[in-house]
Amino acid sequence: MLASSNFAAAAREAAREVAWRFSEGLKKQLGREALSALLHVAILLALVSLFRPLFFRGVSELHYRAPSILVSMVKSDLNVITQSARKHGPAYPEYLIFFVPLVLFLVSKRKLRWTDWEHGKSLRVYVMLIVGMLAWSGATFPFNLYLNRGHFLDRFCLAAFAALAWRFPVMVPLAVRTAIVMIKEPYIPIPHDDFDFRAPAELVVVFSIFAWASASRSFKPWHFLVVGIGSFADYYYSAGLAKWSFGPPHSWLNENPVSNISVAGYVRGWASWVPEETFLRFAELARKADPVFLHYTMVIELAALFAFFLHPKLTRWIFLGCFLLNFGIFMMTGICFWKWMTVSLGAFIWMSRSGAPLVEKLHQHKLALLLGVAAIYHGNERIWFYPQTHVVWYDTRLTENYELYAVGESGKRYLVPPTYLEPMDMHFTQGRLCYATDNERSVTGIYGTTGGYRTMKQLEEFKSPKQAFDLQRRGRPCKDPKQQAKFDDVMKTFFGNLNRRGKRPHGWLKWLGRPTHLWVFPKGELYDAQEKVVRIELSLTVVYHHEQKLHRSEPKVTHSVDIPR
């Protein structure tokens, strides 16, 4: 009886302890500090909705053709302001507007320093890692032979703004905007997909808006972390959501032969030092591991909805999981999301060291974290964050391999590596050039991908290469006269300028330059300004992976462009 009585008393005491702890925890989560964190995260999300478009606003081609992009933008802004003043209307400058907060901070009593924030020096390490990465990318790309401009003043300004941001956080917005402007120079005249840098850039855009908001001392670094991490996580979650709902129910997860893209990467020039027979044996082994790749991708991407905000340790490890996903893509295909990997691996290391106290603080306020999860969940509405919402396709066995050949004055024919057209190389490395042909058809896109479930299944089930080649010849016509005219203009201008110069100027930039997004190393006699070019030929070879062999159609010249000398 005594033992039973003691047990009951202990149980009552334990129950009271649990009830007390629950009550105290509830008071803490509904207390003033917690509600303040919720309010500040909500305000940041609203501010991001308002100001994020300013950072990614498109820049006129006229500015990129000017001797200085930034000077041209400033002149244009001054003209806009003058004209608006005369008409008594509002002005919308695209670059000078970033100097307005600088002036306001300068004339106010708010002299913002990194040390003004709790753990501000630690925060600086991670933020400046990303700012420095973007500045490096925007300041060191090769000389642009299409525009025939070096834009060295703009490169210097970008480096200077990034350096000043190390001391003054209010300079981060100007550095980020300038970096985005410079990174987009290769998008002239053929627009590129900005997926390779947009998620990392958006994270520091959120910090930039947080820095502006810090005119009020009530904003804290963990408020930024909720919104900033949410912006990065939303790219993964949106991609996972697209894959989950693509085509027939769950067909991407259960049926997509994702390892096919590694073969397409090999066809384009990735890992070209590996003998073909050896690589195809590797591809067959990778095919057996497709379910592992597919499920790992889906878990990482869908878990991004909430995993970043569940526990401090999980926050670190989910960043590592994102890094491993992108690193695996790189090893399999040569598609190098190095900016994304820098954000993820940098976060994993930083959060285990000086950033740990900030992450611990982040997880103290559950209501703010729930708002962060809700923001990710509704991110596809693209109001506050701006993720790409259709990052999904099927990977096929067929690659339409477009290659450029330069015909010299001697009549000799050289293979032009797509990377030779830097800084516009991403577009040509992707190889989706059917639009520039005179009369070709297509069934697949970049690296052999397709949006059609039926197309993927047919290419998986064909019994002979002839069936695949016949399907390709019956594909959709893809000639686009307007786009073909742009292609011709790029070839004529790029190689015409190269002919006049005799070589690519400022070759030293490649020793400073950032990594490319797509890594290829094509084999053959490569063009490197051995002689003047008289003609560029666009050649197509259809490659079909069947029974552990690569079956190739006869190479065919589909379009040619005469080059001025």
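Any read-out appearing in this document is the output of simple, stated calculations on the displayed coordinates, not a laboratory observation. What you see is a predicted model; the values in this text were computed from it and never measured. So basically every Cβ, Gly included, is an ideal-geometry build from the backbone, and we count neighbours across all protein chains shown.
Near Thr558, the amide H atoms lying under 5 Å from its own belong to Leu538, Ser539, Leu540; only residues 5 or more places off or on other chains count, and H is placed 1.01 Å from N.
Identify the trypsin sites (Lys or Arg not before Pro) of segment 405-480 meeting these criteria: DSSP loop state and at most 13 other C-beta atoms within 10 Å of the C-beta.
Qualifying residues, ordered by number: Lys412, Lys463, Arg474.
Place a point 7 Å from Cα of Ile43 in the direction of its Cβ. Which residues in segment 340-376 have their backbone N less than 16 Å from it? Only 368 fall inside the zone, counting backbone N under 16 Å.
Couplings for segment 420-432, taken from phi via the Karplus curve 6.51 cos²θ - 1.76 cosθ + 1.60 with θ = phi - 60°, read 5, 8, 4, x, 8, 5, 4, 4, 7, 6, 4, x, 8 Hz in order; Gly and Pro are left as x.
Cα-Cα over 25 Å: which of Lys184/Lys339; Lys111/Lys313; Lys184/Lys510; Lys109/Lys366? Show your work: numbers first, answer last.
Working: Lys184/Lys339 15 Å; Lys111/Lys313 35 Å; Lys184/Lys510 18 Å; Lys109/Lys366 34 Å.
From the list (Lys184/Lys339; Lys111/Lys313; Lys184/Lys510; Lys109/Lys366), the Cα-Cα distance tops 25 Å for Lys111/Lys313; Lys109/Lys366.
Annotation: amide H-H contacts under 5 Å for Val534 (H modelled 1.01 Å from N, sequence separation of 5 or more, or interchain): Val407, Gly408, Glu409. Here is the size of segment 137-204 from its Cα atoms: Rg then Dmax, 12.6, 37 Å.
For the pair Glu33 and Lys466 in one chain, pulling the backbone fully straight at 0.36 nm per residue adds 149.0 nm over the alpha carbon distance. From Cα pairs below 8 angstrom and at least 6 apart in sequence, can you work out the relative contact order of the chain, rounded to a whole percent? It comes to 18 percent, rounded to a whole number. Each residue of segment 247-262 was assigned a 3J(HN,Hα) from its phi angle through the Karplus curve 6.51 cos²θ - 1.76 cosθ + 1.60 (θ = phi - 60°); the sequence is x, x, x, 6, 5, 5, 5, 9, 10, 5, x, 4, 5, 4, 5, 5 Hz, with glycine and proline shown as x.
What is the mean projected area of the alpha carbon convex hull for segment 435-554, to one decimal in square nanometres? Mind dumping the intermediate values first?
Working: hull surface 40.8 nm².
For segment 435-554, averaging the hull's shadow over all directions gives 10.2 nm².
What 222 nm value per residue comes from the helices of the chain, counting each DSSP H run with n ≥ 4 as -39,500 (n - 2.57) and dividing by all residues, nearest 500 deg cm²/dmol? Provide the component values of the computation, followed by the final result.
Numbers: 23 runs with 321 residues, N = 565.
Computed ellipticity for the chain at 222 nm equals -18500 deg cm²/dmol.
Considering only beta bridges that DSSP places wholly inside the chain, some 95 percent are antiparallel. As a calculated quantity, the FRET efficiency between Trp244 and Arg86 at R0 = 51 Å, using C-beta atoms, amounts to about 0.40.
Annotation note: chymotrypsin sites (Phe, Trp or Tyr not before Pro) in segment 227-312 located in DSSP loop regions with a Cβ neighbour count of at most 13 within 10 Å are Trp273. Using bins of 10 Å that start at zero, the share of Cα-Cα pairs per bin across the chain amounts to 3, 15, 24, 23, 18, 10, 4, 2, 1, 0, 0, in whole %. The string of couplings for segment 318-330 from the Karplus curve (6.51, -1.76, 1.60, θ = phi - 60°) is 5, 4, 5, x, 5, 4, 5, 4, 5, 5, x, 4, 4 Hz, one whole number per residue in order, with x for Gly and Pro. Which lysines, if any, have their Cα less than 26 Å from the Cα of Lys556, not counting same-chain residues under 8 positions apart? Excluding near neighbours in sequence, the set is Lys412, Lys463, Lys466, Lys479, Lys482, Lys486, Lys492, Lys523, Lys532.
As an exercise, identify the chymotrypsin sites (Phe, Trp or Tyr not before Pro) in segment 439-512 lying in DSSP coil whose Cβ has no more than 14 other Cβ atoms within 10 Å. Numbers along the way, then the final one.
Values: sites: Tyr447, Tyr453, Phe462, Phe469, Phe487, Phe494, Phe495, Trp508, Trp511; in loops: Phe462, Trp508.
Answer in residue order: Trp508.
The gain in end-to-end length when the Arg113 to Glu276 segment is fully stretched comes to 53.1 nm, 0.36 nm per residue minus the alpha carbon separation.
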